[in-house]
1. Between VAL200, VAL173, VAL153, which is aliphatic (A, V, I, L, M), part of a helix (DSSP H, G or I) and surrounded by fewer than 12 Cβ atoms within 10 Å (Cβ to Cβ)?
2. Based on this model, can you work out whether SER146 counts as within 30 Å of ARG216 (Cβ to Cβ) and among the hydroxyl-bearing types (Ser, Thr, Tyr)?
3. Filter segment 236-280 for residues that are open to solvent by 90 Å² or more (accessible area, probe 1.4 Å) and under 30 Å from ASN72 (Cα atoms); which is modelled with the lowest pLDDT?
4. Take LEU196 and tell me if it is closer than 29 Å to ALA109 by Cβ, out of contact with any His (no Cβ under 6 Å at 6 or more places or on another chain), free of Cβ contacts under 8 Å to residues at least 40 places away in the same chain and in the same structural domain as CYS126 (by the TED database).
5. For residues that are in a helix (DSSP H, G or I), out of contact with any Phe, Trp or Tyr (no Cβ under 9 Å at 6 or more places or on another chain) and surrounded by 14 or more Cβ atoms within 10 Å (Cβ to Cβ), tally how many sit in segment 25-49.
6. Go over the candidates GLY186, GLY165 one by one and state the one that is assigned to a helix (DSSP H, G or I), at negative phi, surrounded by 11 or more Cβ atoms within 10 Å (Cβ to Cβ) and assigned by the TED database to the domain that holds ALA78.
7. Being of a type in the set (Val, Ile, Thr) and under 20 Å from MET49 (Cα atoms) narrows it down to one of VAL114, VAL190, so name that one.
8. Collect the residues in segment 50-71 that are under 29 Å from GLY21 (Cα atoms) and in contact with a Phe, Trp or Tyr (Cβ under 8 Å, 6 or more places away or on another chain), keeping them in residue-number order.
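The values are calculated or read from the model by the stated rules, or taken from the named source; none is laboratory data. Treat the numbers as computed from the prediction; the structure is a model and nothing was measured. Using ideal geometry, Cβ is built from the backbone for each residue, glycine included, and neighbour counts are taken over all protein chains shown. Just so you know, the surface numbers come from the protein's heavy atoms only, side chains and all, with ligands and any DNA or RNA stripped out. Shrake-Rupley method; radii C 1.70, N 1.55, O 1.52, S 1.80 Å.
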Amino acid sequence: MDKFRMIFQFFQSNQESFMNGICGIMALASTQMYSAFDFNCPCLPHYNMAYGLGILLVPPFILFLLGFVLNNNISMLAEEWRRPQGQRGKDSAVLRYMFCSMAQRAMIAPAVWVSVTLLDGKCITCAFCTSVPVETLGNTSHPLLSQGEIQRVLARIPCKEIYNGQELIANEVAVRYLRCISQALGWCFVLLMTTLAFLVRSLRPCFSQAAFLKSRYWSHYIDIERKLFDETCAEHARSFAKVCIQQFFEGMSTDLVAARCHLPRKAPEDAGEASKKLLGITDRGTMNMALKSWHRCKPPLHLHSPAFPSGNGWAGEGQPPVYPSVPRRETAAYYSLV
């Protein structure tokens with residue numbers, strides 16, 4: 001139980017670990033879905049290929065979109081891409097890093113589905129059973145059949161219980177031939193994905209490690225900044241609601257006292273603390289103005305030259321002037337009791 005708790009805490013440590021855990025769970029879920037899926041080939045000449053390739057390609061596309069949906073960074077990426085320029089410029093390298101990071105994680109589950117499907121071989125057998133070379137694997141001494149009849153017979157290869165073309169080509173021979181091709185494609189796909197992942201991991205530090213570190217840092221910063229802003233807004237909303245409720249009950253008690261109903265009044269202990277957390281934003285219009293200013297004019301990332309807010313957002317379009325820091329003079333005073 002302690003091991004599961006440690007794994008869960010690791011997944012919750014940061015956004016990347018959390019998304020890696022989600023992608024791993026989706027990859028395991030894709031294999032379980034395929035094992036639980038009841039594959040039934042229609043065994044008809046004009047429907048086998050559509051069914052087989054559909055099972056091979058459509059679920060990976062759905063899993064790919066699902067990987068983007070489950071990724072919390074997709075809304076952050078869209079917000080950062082569509083927000084106004086304001087006091088902070090938008091770095092295209094950071095946006096590319098965020099999109100590539102999400103795409104790489106979203107591709108894990110589809111790659112697992114395609115690999116498992118190709119290694120199993122049912123989809124390829126259903127899709128390309130009409131393309132089996134009868135001249136090479138079949139019985140050439142069989143009475144001649146029309147092309148349409150041959151296609152109907154070959155289309156029933158995946159359905160062993162209704163296959164009636166043993167004289168033309170043995171069912172076991174055709175299935176084994178197609179399954180070997182499918183497994184060869186599956187192992188080639190696994191080798192290709194592994195090689196690409198190895199090249200990306202090993203060659204990227206050789207070319208753009210500094211740019212990669214900067215993009216990764218600022219993408220983490222955007223994520224942390226968004227979380228802190230949400231937490232600050234939630235704390236402000238809590239304090240605002242607390243003060244509103246306290247003022248409501250104080251008004252009700254005042255009305256009851258005016259109606260000669262003497263009630264004991266006790267000053268709320270945390271009223272002053274809640275008022276301090278409001279930071280001067282004490283009405284709905286001011287709060288809406290602050291939220292709009294945060295979206296339109298985010299402060300520049302320069303801690304030593306803060307932008308001074310005006311009445312309707314951040315003052316100025318460029319960087320505010322930087323004033324030289326004046327050294328502070330410290331004075332020590334000693335008192336003695338005589």
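1. VAL200
2. no
3. LEU279
4. yes
5. Here the count works out to 2.
6. GLY186
7. VAL114
8. Listed by number, the residues that qualify are ILE55, PRO59, PRO60, LEU63.
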